[in-house]
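The values are calculated or read from the model by the stated rules, or taken from the named source; none is laboratory data. Just so it is clear, the structure is predicted and the values come from calculations on it, not from any experiment. For the accessible areas, the whole protein counts, side chains as well, though only heavy atoms, and no ligand, DNA or RNA atoms are used. Shrake-Rupley method; radii C 1.70, N 1.55, O 1.52, S 1.80 Å.
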Amino acid sequence: EVTKLLSHNSETVRKKAIITMHRFYQLAPDVVTADELYEKVRKVLCDRDPAVMGSCLNVIEEMAKEDPVKFKDLIPSLVSILKQICEHRLPTDFDYHRVPAPWMQIRL
């Protein structure tokens, strides 16, 4: 059910869905496997909404602590996201004292 919500029209629902899947993975790895979560995270990383993308970065950071080699192929995408942030291409809602998306920059 939760995986279907990753393609929901509302960005809030998509964001909560990826957070929920990560929590399921933490609490019950037999329900949501690492491979399944990895596959979903790869898709959600390219979401059109920066909030969804940002919640995905938290999941990637946690999972990369366990197996960093698995995320090596995402480096170009992550660098591209960082470049977008530094070039102020995200909405100003993500700025903090005129610093573009500092919390996302920290995750990257």
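Which whole-number value in Å² is the accessible area per residue of the chain, probe 1.4 Å?
About 64 Å² of surface per residue is accessible.
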Give the angle, between 0 and 90 degrees and rounded to the nearest 10, that separates the Cα long axis of helix 34-44 from the longest principal axis of the Cα atoms of the chain.
30
Express in Å², to the nearest 10, the accessible area of Lys70 obtained by rolling a 1.4 Å probe over the protein heavy atoms while all chains stay in place.
50
Acute angle (nearest 10 degrees) that the helix 11-27 long axis makes with the longest principal axis of the chain, alpha-carbon atoms:
50
Degrees, to the nearest 10: 75-86 long Cα axis against longest axis of the chain:
40
Any idea of His22's accessible area? Nearest 10 Å², probe 1.4 Å.
30
Within the chain, what is the number of lysine pairs with alpha carbons under 13 Å apart, leaving out pairs fewer than eight places apart on the same chain?
6
Accessible area (Å², 1.4 Å probe, nearest 10) - Arg14
10
Based solely on its DSSP helices, what 222 nm [θ] is calculated for the chain when runs of n ≥ 4 H residues each add -39,500 (n - 2.57) and the sum is averaged over all residues, nearest 500 deg cm²/dmol?
-19000 deg cm²/dmol
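Which percent of the accessible heavy-atom area of the chain goes to carbon and sulfur, probe 1.4 angstrom?
Carbon and sulfur: 54 percent of the exposed surface of the chain.
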